[in-house]
Amino acid sequence: MAQTAFVDEGLDHEHGHEPQGFIAKYIWSQDHKVIAIQYTLTAIAVGLLALVMSWLMRMQIGFPGSLEMVDQERYYQFVTMHGMIMVIYLLTALFLGGFGNYLIPLMIGARDMVFPYVNMLSYWTYLLSVLVLVASFFVPGGPTGAGWTLYPPQAILPGTPGRDWGIILMLVSLVIFVAAFTMGGLNYITTVLQARTRGMTMMRLPLTVWGIFVATVLGLLAFPALFVSGVMMLLDRLLGTSFFMPAVLSQGEMLEYSGGSPLLFQHLFWFFGHPEVYIVALPGFGIVSDLISTHARKNIFGYRMMVWAILAIGGLSFVVWAHHMYVSGMNPYFGFFFAFTTLIIAIPTAIKVYNWVLTLWRGDIHLTVPMLFSLAFILTFVAGGMSGLFLGNVVVDVPLSDTYFVVAHFHMVMGVAPILVIFGGLYHWYPKVTGRMLNDTLGKIHFWITFLGTYAIFFPMHYLGFVGIPRRYFEFEGIAFIPDSAHLLNEWITIAALVVGAAQFLFLFNLAWSAVRGRPSGANPWRSTTLEWQTPETPPGHGNWGARLPIVYRWAYDFSVPGAAEDYIPQNRPPERDAPGLHGSLRAEGAAP
Amino acid sequence: MAVGVILAALVVGSVIFSLLSPWWFTPLASNWGTIDDTLIITFVITGAVFAVLMLFMAYAVARFRHRDGARADYEPENRRLELWLTGATSVGIAAMLAPGLIVWNDFIRVPEGASTVEALGQQWSWSFRFPGADGVLGTADTSRITAENPFGLDPDDPRGRDDVLVSGGELHLPAGTPVKVVLRSTDVLHNFYVPQFRAKMDLVPGMVSYFWFTPEKTGTYEILCAELCGVGHSLMRGTVVVEDEGTFRPWLEQNPTFAQSLGRRPEQDVAEIRDEVQGEGGAEP
Ligand code: HEM
Ligand SMILES: [Cu+2]
Ligand SMILES: [Cu+2]
């Protein structure tokens, strides 16, 4: 392996000496790799909680009354906590805190994040937010059951579970989470902008870094809206202000509130909430691009277009939020504008899909587990994207809004699809993190059950939405328009959900078992081009690069270059004088940042 | 090979499922056939794109799976192809968006001559109000609500005196007349939803929202609440009966007007009604 590097004069004290002792190394660690693992494991742990809650809900829907513990209150508490945990505490934390932390410094050739101490604080703050969230299960009245959207007035009024304590802890936890995210996010952005190694221009960044970078920018712009709405709702709940509260007659009692606007909260929430969809989608887009390219041994098709598409999607994601509010009672003329912007965003998104598929075309496709998950991602994401065009197209949303069509849509597009990429990414980078391969057979079993199972859960669910079955319903007793066959379908869906959930334990077993027993992977088992695979040690040591930082000479996608001896050329391999003008425009293109 | 075949089978299976699915819309009972049409246009376009794109992917996976000695092409970009695909996508998007916006324009404009009815939501029941002989709903406000005045009508407002109040969650509507449904909530968000009418809209406390439709088929339909409103959400049901004008009128007349509900003759002095309401309920203006 060509290891070209230059002496890193800026090797500072922090990185000069490796921290000693278990606690310094693995607990109060400032090493981005350890922080990444901490984030990942915490997110997986809290995600399991959300998974178990989805089982309990599905039992109630498929086999009503079968579990005595799932009563109305608990059902709504599960809906809420499941949704919130999945979106925020699992996906956002795992993509940015987990993948972002691990991959950014390694992929851009840095020794660490630029503010390692703040990075460490980010994790511990995140952990605190998780603990506050989990604590809400143990307070009187339990966690909030207001739905993950936490719409007031309902969220803070009697009649909603967890109105006394649960909602307070939920809001406090979110506010803490935003603080944690901000510390991490500032780090990711500054690191990408400031700490790229020599030769790593922005237009040579792997798409994974682009995806995480733009997602972080979105997060830093969007999360403040969640932050302020959380604080304002806390004030409404605790001090009796009326930001979101009009005059309300709550269960026979006239409350002191007056003049506030429930719709204001919805605007603030979705101003955060829609970009949030892309905060979990863009890192997924980036990762899947790199997985496909690597495992199909072919350059990503249309790299520049992919970067522009990420930027366009990121920008547009801030002007589509009210497509969640077509039937909210807001001024109906907004519908024209938001339907227009929403459908426009489909164009850059479609370009990404085309380019993934075209990357496969004339590739040399290795059907490894990461590749399988990538293919599953594309199919699931496209299915979910298509149903998004229904819901974005204002008037078509009217019959479908608040039905199971919506549940099917968002699970496909922002639930299952990102989870599939996460799995793909974990199978792909696990060897770098541990030095061992995950077991392939277990991986394939896990893949097929998860992919086909989630499709079986969520594809038919669209049709329950066509029937008109409303979401967030504890029971469907006595609703005449729902045919018996729909109840039957719900039973099948529940069974599929149980199977899919169980398969995840196979994956967890694989994670644990392979860390000890897995086949040693070597430094670069997938024969990848990007820098993280070119570290002198695997797993990379403290400071990542030994004495010398790598120098980058080419883009991240030199696979199967005509005339080259191997079917990949690492980014840090210098051009060979005897093979001139190999791969034209793109490398020359790389403008300085 | 196997993977490509499974992917293709999944796509073909999805298409077949869609064609054979017994799970489909309830029969339409309002004028909003145009919504259904727009939905079908969207369905056909997105379904076709999904099938073609994913079958192409399945084919690529089968055709270009790894073989010994095979090597991938090197093709960083293809300007023409990318532009062409962008253009085609834009056309498809426009084909869905245009009818969508046209129908939306109808959806938000209440036709001349539509009648009005108010749906009032509270945890977890429905009540309704018709404007009475003058055709205009009297002003109402949550802060005026008392046991005697459950709609919070303003006793000072003469237009409210003849308003017909319907409690018990059963609404009747005459077939064939466009109706503007005015929505109000006393406590939290709710949503007035009748699947057969296709239309729905949130009720928002502190403001008045609306939508309109023409009930076209006589029959009895369920009203569901489609916006999470607390533990009783799935139990917040009502009924709407669509009938001919001839059956509707007598039904409407059975229900008390606001004035009657206060135990007074309709012609009684407005000021007197006000005194009574304020005396008993303590609702300050
Ligand atoms: C096999 C996996 C999953 C199953 C079986 C499942 C099941 C469910 C169920 C039964 C509901 C409640 C539906 C209702 O009553 O309206 C729900 C809601 C939800 N789920 Fe999942 N889910 C899964 C994975 C995910 C993932 C990965 C995400 C990540 C984004 C997610 C996000 C949500 C959200 C945001 C809600 C809405 C909560 C609300 O209505 O307030 N789910 N899910
Ligand atoms: Cu959105
Ligand atoms: Cu409700």
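Just to be sure before I move on: is A:Glu491 among the charged types (D, E, K, R) and buried (at least 21 other Cβ atoms within 10 Å of the Cβ) in the structure I sent? Break it down stepwise before answering.
Details: among the charged types (D, E, K, R): yes; buried (at least 21 other Cβ atoms within 10 Å of the Cβ): no.
Judged against the criteria, A:Glu491 is not a match.
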I need the full set of residues from region A:239-279 which are within 16 Å of ligand 2 (Cβ to nearest atom), of a type outside the set (Gly, Ala, Ser) and more than 13 Å from every other protein chain (Cβ to nearest Cβ), in order please. A:Leu268, A:Trp270, A:Phe271, A:Phe272, A:His274, A:Pro275, A:Glu276, A:Val277, A:Tyr278, A:Ile279
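Per-residue answers, yes or no, for (1) away from ligand 1 (no atom under 16 Å from the Cβ); (2) modelled with pLDDT under 95:
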| position | (1), (2) |
| --- | --- |
| B:Ser209 | yes, no |
| B:Tyr221 | yes, no |
| B:Ala226 | no, no |
| B:Val241 | yes, no |
| B:Trp251 | yes, no |
| B:Thr257 | yes, yes |
| B:Ala271 | yes, yes |
| B:Asp275 | yes, yes |
Any hit, region B:157-165, residues being free of Cβ contacts under 8 Å to residues at least 40 places away in the same chain and assigned to a helix (DSSP H, G or I): yes
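Is there a residue being among the hydrophobic types (A, V, I, L, M, F, W, C), within 16 Å of ligand 3 (Cβ to nearest atom) and modelled with pLDDT of 95 or more anywhere in region A:386-396? Steps first, please.
We begin by selecting, within region A:386-396, every residue among the hydrophobic types (A, V, I, L, M, F, W, C); these are A:386, A:389-391, A:394-396.
Next cut, within 16 Å of ligand 3 (Cβ to nearest atom) only: none.
Taking every residue of region A:386-396 in turn, none turns out to be among the hydrophobic types (A, V, I, L, M, F, W, C), within 16 Å of ligand 3 (Cβ to nearest atom) and modelled with pLDDT of 95 or more.
Run down A:Ala486, A:Ala496, A:Ala515 and say which single residue is without any contact (Cβ under 8 Å) to a residue 40 or more places away in the chain, away from ligand 3 (no atom under 16 Å from the Cβ) and either buried (at least 20 other Cβ atoms within 10 Å of the Cβ) or among the aliphatic types (A, V, I, L, M) (or both).
A:Ala486
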Count of residues meeting criterion [facing chain B (nearest Cβ under 7 Å) and buried (at least 24 other Cβ atoms within 10 Å of the Cβ)] in region A:361-371: 2
Exactly one of (1) more than 14 Å from B:Leu228 (Cβ to Cβ); (2) surrounded by 21 or more Cβ atoms within 10 Å (Cβ to Cβ) is unmet by A:Thr144. Its number? (1)
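Please indicate, with yes or no, whether at least one residue in region A:330-337 is crowded, with 21+ Cβ neighbours inside 10 Å, within 9 Å of chain B (Cβ to nearest Cβ) and more than 19 Å from B:Ser90 (Cα to Cα).
Yes, region A:330-337 contains at least one residue that is crowded, with 21+ Cβ neighbours inside 10 Å, within 9 Å of chain B (Cβ to nearest Cβ) and more than 19 Å from B:Ser90 (Cα to Cα).
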Can you find even one residue in region A:445-459 that is within 14 Å of chain B (Cβ to nearest Cβ), under 20 Å from the mean Cα position of the chain (by Cα) and away from ligand 1 (no atom under 13 Å from the Cβ)? yes
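Show me the helices (runs of 4 or more DSSP H) found entirely inside region A:355-423 where at least 2 residues are within 15 Å of ligand 2 (Cβ to nearest atom) and small (Gly, Ala, Ser). Working first, answer last.
On the way: elements: A:369-392, A:397-400, A:404-410.
In region A:355-423, the matching helices (runs of 4 or more DSSP H) lie at A:369-392.
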Selection over region B:1-24 where residues are surrounded by 13 or more Cβ atoms within 10 Å (Cβ to Cβ), not hydroxyl-bearing (Ser, Thr, Tyr) and not in a helix (DSSP H, G or I) yields a count of 1
In region B:20-44, residue farthest from the other protein chains (Cβ to nearest Cβ) [restricted to those that are more than 26 Å from A:Ala480 (Cβ to Cβ) and of a type in the set (A, V, I, L, M)]: B:Val44
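Specify which of the listed residues (B:Ala62, B:Ala72, B:Ala58) is closer than 23 Å to A:Ile378 by Cβ, facing chain A (nearest Cβ under 8 Å), outside any strand (DSSP E or B) and of a type outside the set (S, T, N, Q). Show your work before the answer.
Details: B:Ala62 fails: facing chain A (nearest Cβ under 8 Å); B:Ala58 fails: facing chain A (nearest Cβ under 8 Å).
Within the list B:Ala62, B:Ala72, B:Ala58, the selection yields B:Ala72.
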Pairs, first without any contact (Cβ under 8 Å) to a residue 60 or more places away in the chain and in the same structural domain as B:Val181 (by TED's automatic domain parsing) in region B:216-245, second within 14 Å of ligand 3 (Cβ to nearest atom) and among the polar types (S, T, N, Q), C-beta under 6 Å, six or more apart: B:Ala226/B:Asn191; B:Glu227/B:Asn191; B:Val231/A:Gln72
List every residue pair whose Cβ atoms lie under 6 Å apart, where the two residues are 6 or more positions apart in sequence or sit on different chains, the first residue falls within region B:1-14 and is under 16 Å from A:Leu360 (Cβ atoms), and the second residue, located anywhere, is not in a helix (DSSP H, G or I). B:Val3/A:Leu367
Could you look through region A:469-495, keep only residues that are over 22 Å from B:Arg237 (Cα atoms) and either away from every other protein chain (no Cβ under 14 Å) or charged (D, E, K, R) (or both), and pick out the one that is nearest to ligand 2 (Cβ to nearest atom)? A:Thr494
Could you check how many residues of region B:196-236 are within 15 Å of ligand 3 (Cβ to nearest atom), assigned to a helix (DSSP H, G or I) and buried (at least 24 other Cβ atoms within 10 Å of the Cβ)? 1
Top-ranked residue in region B:155-181 [being surrounded by fewer than 21 Cβ atoms within 10 Å (Cβ to Cβ) and within 14 Å of chain A (Cβ to nearest Cβ); ranked as farthest from ligand 1 (Cβ to nearest atom)]: B:Lys180
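The values are calculated or read from the model by the stated rules, or taken from the named source; none is laboratory data. Keep in mind that this is a model prediction, so the values were computed, not measured. Ideal geometry is used to build each Cβ from the backbone, glycine not excepted, and the neighbour counts take in all protein chains shown.
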